[in-house]
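The values are calculated or read from the model by the stated rules, or taken from the named source; none is laboratory data. Not measured: the values here are computed from a predicted model. Here the Cβ positions follow ideal geometry from the backbone for every residue, glycine too, while neighbour counts run over all protein chains shown.
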């Protein structure tokens, strides 16, 4: 449980994480320190949201948020405990659109067995592949980075926020990020 008097600190941490994560669109050098900071921001953020929700410190508007994302099914005949990279176990050429409630999304990250930032060559981070230890037996999810930032800021501002991407050549930014951070 999170005590009500600490809520502002958790929200401040979420706001900082949202700003940091949004900056990943413009980061073209990916190193181990940046990978660590990204994973820390993601997991601490979803853990904070989960604990705030469990402590009944989030409004019904925020608790009712659903996130649209993509799922990729596990390949036929895959042996899960085989020492093979996770991406070889899923059919990333086949995808289904899914909507996950906030609670489910948080649980998938907090209990993830698969967590992998998606960083195409020459670009910054665009999103994340993830699946909990139980869900990875069926599918792996992919969520866009902008949606994670929008979720974090929605919790901070207690209102649904949908950031939009602005693409200018190789420079990607969230159009309306300044008004929310």
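A few remarks follow.
- Taken over region 109-129, the criterion of being more than 15 Å from residue 147 (Cα to Cα) and in a helix (DSSP H, G or I) is satisfied by 110 alone.
- Scanning region 84-108 for residues that are modelled with pLDDT under 95, in a helix (DSSP H, G or I) and under 21 Å from residue 35 (Cα atoms) returns 86, 87.
- Restricting attention to region 130-147, the residues that are assigned to a strand (DSSP E or B) and in contact (Cβ under 8 Å) with a residue 40 or more places away in the chain add up to 6.
- So residue 175, is it modelled with pLDDT under 95, surrounded by fewer than 21 Cβ atoms within 10 Å (Cβ to Cβ) and either closer than 30 Å to residue 73 by Cβ or in contact with a helix residue (DSSP H, G or I) (Cβ under 9 Å, 6 or more places away or on another chain) (or both): no
- When the criteria are applied in full, residue 112 meets the requirement of being at pLDDT 95 or above and touching a helix residue (DSSP H, G or I) at 6+ places or on another chain (Cβ under 9 Å).
- Residues located in region 48-81, provided they are surrounded by fewer than 17 Cβ atoms within 10 Å (Cβ to Cβ), assigned to a loop (DSSP other than H, G, I, E, B) and modelled with pLDDT of 95 or more: 55, 56, 59, 64
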